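Structure, as structure tokens:
Just so it is clear, none of the values below were taken in a lab; they were calculated from the coordinates. Quick caveat, the model's predicted, so the values are computed rather than measured. We place every Cβ from the backbone using ideal geometry, glycine too, and count neighbours over all the protein chains shown.
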């Protein structure tokens, strides 16, 4: 996890020092797409993130408990903790970096289309979306899971830029954090499962 944090901070510093013009110019173009269809989709995608990020592992976990399915319960815990780790990391980095939102820094260039209350870097929506997409893809490595998951995650990142609340570098960092949490948590989750659900529990059926 420390390696992920170091990589993201280093990337941010490089982008911040050498590519500020690219960052704001790219955001300006994406934010400038203001037809009703795109802005409406962006709003819907942004709002879908917390519901899916929380809802998917909760639904899987509830169904697993009803069916006494240990394998599915393991998946639900893994996916849920991956998303939770992404939330914790992004929240800490927002506080540490304290990057100003683009619509505040460039009020004449960027239109704000969503309410936000925290700092800009990294994108929490993107981090949790990519954490969910990556953990689902690792657990269920089928094209019909992988493709929709990553299309949705990338669309969430685009939506946050279209709404004017994140720079491209915020989105990139969020994607790295979310994906990294899901990969690292493969190993963390093995320990967590042993702690929460002992293998000797007679009420859980192993498949």
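A few points about this structure:
- Contact order normalised by residue count of the range 50-207, Cα under 8 Å, 6+ apart, percent: 31 percent
- In plain terms, the chain from residue 58 to residue 43 could stretch by 3.0 nm, reckoned as 0.36 nm per residue minus the Cα-Cα distance.
- Each label was represented as a point 7 Å from its Cα along the Cα-to-Cβ direction; for residue 195 and residue 147 these points are 3.9 nm apart.
- Inter-centroid distance (Cα atoms) of the range 144-163 relative to the range 48-87, Å: 19 Å
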